[in-house]
Amino acid sequence: MSNKDKQAINKKEPFAFAYWILRLFTTVYPGEALTAFLLMLNVYLLFVAYYIIKPVREGLILAGKGAEWESYLSAASAVLLVFAVKAFSRIASRFPRQKLIAWVTLFFISNLIIFYILSLLKIELGLMGVIFFIWMGIFNVMVVAQFWGFANDIYTQEAGKRLFPLIAFGATFGAVSGSFIAKHLVEPLGLYQMMLVSGGILGICIVLTWTVHIREVKRTGHTAAQANQAKKSTEIEQEKPLKKGGGFQLLFKKRYLLYIAFLVLLLNFINTNGQYILGHYVEHTAKEAVQMGTAEGLTVEEFIGKFQASFMMYFNLLAMLIQLFLVSRIFKWFGVRIALFFLPFIALGGYFLIALGASLMLVHWVKVAENGTDYSLMNTARHALFLITSREEKYKAKAAIDTFFHRAGDVFSALLVFLGTSFLAFTTEKFAAFNLGLVAAMLLFCFLIMKEHKKLSAPTKVNP
């Protein structure tokens with residue numbers, strides 16, 4: 001690129017430094033860098049806020065009720081999400097997108113303040129743990145779903161394919177940062193004060209959403225006016241509330257959306273089963289190590305905690321590397337449709353090895369590869385599938401999929417674990433073999449989605 005071209009770009013791009021940095025990782029055109037950076041920062045802070053209060057959830061439920069309640073409450077969360085999605089759909093029909101996101105986020109911030117006040121009133125720990133666990137099950141999927149609905153609403157299919165991998169890196173980095181921050185805040189602040197920290201960060205996210213909205217409305221509105229004075233301004237269109245109709249209603253009207261819903265369900269079903277398999281191996285290994293005196297003085301809980309901390313560090317690091325250096329290139333070279341198949345084939349090979357009989361280390365690295373790919377490439381690809389959908393589908397149907405169908409995977413996994421351990425005498429190898437069947441079903445839905453995506457992405461033919 002000549003110096004003259006660089007000078008022209010610097011004049012067009014008000015934050016040229018962001019442009020030159022972001023273009024190292026994906027294709028960024030002049031004028032796009034600031035919005036992409038702000039969206040990346042927004043989702044980064046969302047995940048920081050979530051991972052700061054995630055230890056609060058674990059501490060309250062485990063200390064108050066025990067590990068068994070986590071499975072049961074996941075099922076309760078899935079049921080309540082039906083009503084949450086319906087309420088979200090009604091609200092979305094009344095408010096423009098920026099006000100919708102602001103009010104929903106403010107609602108969750110107010111909830112965190114209420115939880116903190118309840119802690120001052122010394123509410124019974126078990127009750128607080130149950131309520132907060134269910135609330136978290138709704139919060140963490142709802143705020144993420146509406147963010148990606150917002151991002152899908154801003155970008156065209158072409159721009160989304162280029163910039164979504166970069167934006168999604170913010171989520172991956174936010175998960176790592178939030179965990180690190182939480183680890184160092186628990187002792188000096190305490191669990192309940194961390195709720196207020198998370199609420200403050202969510203407030204910053206509202207400001208970022210409004211900033212992006214105002215910037216994009218001015219930019220696209222001006223372009224639309226130049227292109228065609230007779231058309232409605234993009235600004236006016238984007239300020240409109242969404243049309244009436246629930247998320248589930250939209251979902252069952254379109255095969256494409258229904259296929260995505262089942263893909264998300266299977267994705268979480270398989271992943272949660274894999275977590276159970278890993279947990280079973282870790283628990284058995286920890287007890288054996290303590291009994292034989294090879295645990296370096298650690299208790300069973302400390303051995304498991306140390307292993308899990310290492311596990312999360314490895315897969316989050318892998319996810320960051322994949323997100324930063326591979327996702328945008330896979331999208332560019334192969335496209336969104338082909339990107340869907342990477343994770344199923346990794347899972348297929350991994351669970352096949354486990355089904356044959358595997359050591360803890362093999363299960364560990366299979367899950368590192370699965371989670372690292374899931375939280376980066378697969379996560380970005382399934383969000384990008386909504387680039388070709390309508391505004392109502394981006395917000396309402398996507399919310400239904402990312403909340404209810406995501407949690408339904410947890411419910412089915414809890415049911416499988418209960419049946420497998422109580423009646424079917426499943427070994428970990430048999431759970432892995434069951435996952436192979438689920439991966440085969442996931443591959444089928446990937447093919448169906450690819451077919452529908454190709455059909456919906458095809459340019460409309462105009463009769464002469």
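Here are the numbers for this structure:
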item: Added length on full extension, which subtracts the Cα-Cα distance from 0.36 nm per residue, F83 to T156; result: 23.2 nm
item: Residue-span extension gain [L353 to Y116] - 0.36 nm each, minus C-alpha spacing; result: 80.7 nm
item: Derived scalar couplings ³J(HN,Hα) [segment 201-209; Karplus, 6.51 cos²θ - 1.76 cosθ + 1.60; whole Hz; x for Gly, Pro]; result: 5, 4, x, 5, 4, 4, 4, 5, 4
item: Burial order of peptide ranges 257-269, 338-350 (average beta-carbon count within 10 Å, highest first); result: 257-269, 338-350
item: Gain on full stretching of the segment that runs from E124 to S422 - 0.36 nm per residue minus C-alpha separation; result: 104.1 nm
item: Neighbour cut-off at most 12 other Cβ (10 Å), DSSP loop, chymotrypsin sites (Phe, Trp or Tyr not before Pro), segment 405-439; result: F423
item: In range of the label at M292: residues from segment 325-367 whose backbone nitrogen is under 18 Å from the point 7 Å along Cα→Cβ; result: 358-364
item: Fewest-first sequence of W333, W210 by Cβ atoms within 10 Å of each Cβ; result: W333, W210
item: V207 paired with F252, simple spin-label distance in nm, labels 7 Å along Cα-to-beta-carbon; result: 4.4 nm
item: Filtered trypsin sites (Lys or Arg not before Pro), segment 121-162: DSSP coil and at most 11 other beta carbons within 10 Å; result: K122
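Read-outs: derived from the displayed coordinates by stated rules, not from any lab. This structure is a prediction, so every number in the text was calculated from the model and none was measured. Don't worry about glycine lacking a Cβ; one is built from the backbone with ideal geometry, like all the others, and counts go over all protein chains shown.
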